[in-house]
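So the structure is just underneath, and the comments pick up after that.
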Amino acid sequence: MKRFENRTVIVTGAASGIGRASAIRFAQEGARVVLVDREQSALQAVLNELSGSGHEIAALDVRDEPNVTALVDRVAADHGAIHVLCNNAGIAGGDYAPVTDNDLDTWRDVVDVNLFGTMHFTRAVSRHMRDAGAGAIVNTASVAGVRSGAGGNAYSASKAAVINLTQTSACDLGQYNVRVNAVCPGLVKTGMTKPVFDYAEANDKTHKLGTRCELRRYGRPEELAAAITFLASDDASFITGQALPVDGGNTAS
Ligand code: NAD
């Protein structure tokens, strides 16, 4: 039996990296996947990779609350229910300056996408899950939200807020049988981290990547997809309000 047979799953940031790998895995496990991203042509390419049927793409910006709510309400009406939401869209911002010199526009962008984007989808989807009496939400946070030094200040603060939102919304929604969890990835090779890998490769420092991790390597998007689908599935039916590090041991060292 496939774990997501007859289930509707929304994945944001599905055009690349961890979101793409998660959409592929959900589809392999029987889900109808709604792939959300602001990159329409890349979304279409991922849609073409999915197994199964009933999938669709929605090109929108997670910051655009009216469009997010309209999409969610339309999907709930068309599909009868939304069983899983993966809030995965995110940006790094690229500002690694100390707090004395941080760029405020970057702060606003990063918080808008990473925190408000997550909030917009959580708010809209959880109303339907509450009314249905079931659902699972998985947020993609980061090890940067757990400890300092793994991202810029805005990125780290936004991901710490996503972890807190995971806990508070789990408390709000537990009484309706709606679970909310997060994954905290360590360094994973994706579009977001391409500059890190390009720099390491150009400077013969690839061997240094992931050396903080117990496993001495960086992660693969598929390894995050495995954790995300676990938390979204009935295999995690008694797990809520948790932020699971998927980081090769990064936060253990
Ligand atoms: P990625 O850049 O490959 O994918 C992110 C996707 O989000 C892209 O397709 C992008 O178009 C989309 N997106 C960005 N802003 C958006 C917006 N405003 N509206 C709609 N879509 C938007 O990066 P990734 O590494 O796969 O990132 C996925 C998540 O994982 C992010 O939340 C990121 O913060 C988190 N994360 C990544 C790493 C890592 O090392 N790659 C580590 C920790 C956490």
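Please treat every number below as a calculation from the coordinates, not as lab data. None of these values were measured; they are calculated from a predicted model. With ideal geometry, Cβ positions are generated from the backbone for all residues, glycine too; neighbour counts draw on all protein chains shown.
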(Q) If I model the chain as equal point scatterers sitting on the Cα atoms and use the Debye formula, what is log10 I(q)/I(0) at q = 0.09, 0.16, 0.17 Å⁻¹? (A) -0.36, -1.18, -1.33
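So if each residue of separation counts as 0.36 nm, and I subtract the Cα-Cα distance between Thr100 and Thr251, what length gain in nm does that give?
Full extension from Thr100 to Thr251 adds 51.7 nm.
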(Q) Let me check against my output: what whole-number percent is the relative contact order of the range 25-104, with C-alpha pairs under 8 Å and at least 6 apart? (A) 22 percent
Q.
Using Cα-Cα distances under 8 Å and only pairs 6 or more residues apart, what relative contact order does the range 185-234 have, in percent?
A. 39 percent
Q.
Taking the alpha-carbon distance from Lys208 and a cut-off under 20 Å, which aspartates and glutamates remain once sequence neighbours fewer than 8 residues away in the same chain are dropped?
A. Asp198, Asp247
Q | Directionally averaged shadow of the range 10-124, computed from the convex hull of its alpha-carbon atoms, nm² | A | 7.4 nm²
Q. If you take the C-alpha gyration tensor of the range 87-196, multiply each eigenvalue by 5 and take the square root, what semi-axes do you get, largest first, in whole Å?
A. 28, 13, 12
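What is the sum of charges around Ala232, taking Lys and Arg as +1, Asp and Glu as -1, for the other residues whose C-beta is under 12 Å from the C-beta of Ala232? Provide the component values of the computation, followed by the final result.
Numbers: positive: Arg3, Arg7, Arg25, Arg179; negative: Glu29, Asp234, Asp235.
Summing Lys and Arg as +1 and Asp and Glu as -1 gives +1.
Counting other Cβ atoms within 10 Å of each Cβ, which chymotrypsin sites (Phe, Trp or Tyr not before Pro) in the range 119-215 have at most 12 and sit in a DSSP loop? Don't jump to the answer; show the numbers that get you there.
Working: sites: Phe121, Tyr155, Tyr176, Phe197, Tyr199; in loops: none.
In loop regions of the range 119-215 (DSSP not H, G, I, E or B), there are no sparsely surrounded chymotrypsin sites (Phe, Trp or Tyr not before Pro).
Taking Cα pairs under 8 Å and at least six residues apart, what relative contact order does the range 106-197 come out at, in percent?
Once divided by the residue count of the range 106-197, the mean separation gives 34 percent.
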Q) Working out 0.36 nm times the residue gap between Thr211 and Asp198, then minus their Cα-Cα distance, what length gain in nm do you get to one decimal? A) 3.0 nm
**Q.** HN-Hα J in Hz across the range 205-219 - Karplus 6.51, -1.76, 1.60, θ = phi - 60°, x for Gly and Pro
**A.** 10, 4, 5, 7, 5, x, 6, 6, 6, 4, 8, 6, 7, 8, x
Q: Could you rank the peptides 164-172, 222-230 by their average count of other C-beta atoms within 10 Å per residue, with the highest value first?
A: 222-230, 164-172
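State the three equivalent ellipsoid semi-axes of the range 155-253, derived from the C-alpha gyration tensor as the square roots of 5 times its eigenvalues, in descending order and whole Å.
Semi-axes (√(5λ), whole Å): 30, 14, 11.
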(Q) Need the list of lysines near Lys205 for cross-linking: C-alpha distance under 23 angstrom, and skip anything on the same chain fewer than eight residues off. (A) Lys189, Lys194
Q) What number comes out for the charge environment of Asp109, summing +1 per Lys or Arg and -1 per Asp or Glu over other residues with Cβ under 12 Å away? A) -3
Q: Arrange Ser126, Ser158 by Cβ neighbour counts within 10 Å, fewest through most, would you?
A: Ser126, Ser158
Q.
Helix-only estimate, please: 222 nm mean residue ellipticity of the chain, summing -39500 (n - 2.57) across DSSP H runs of length 4 or more and dividing by its residues, to the nearest 500.
A. -13000 deg cm²/dmol
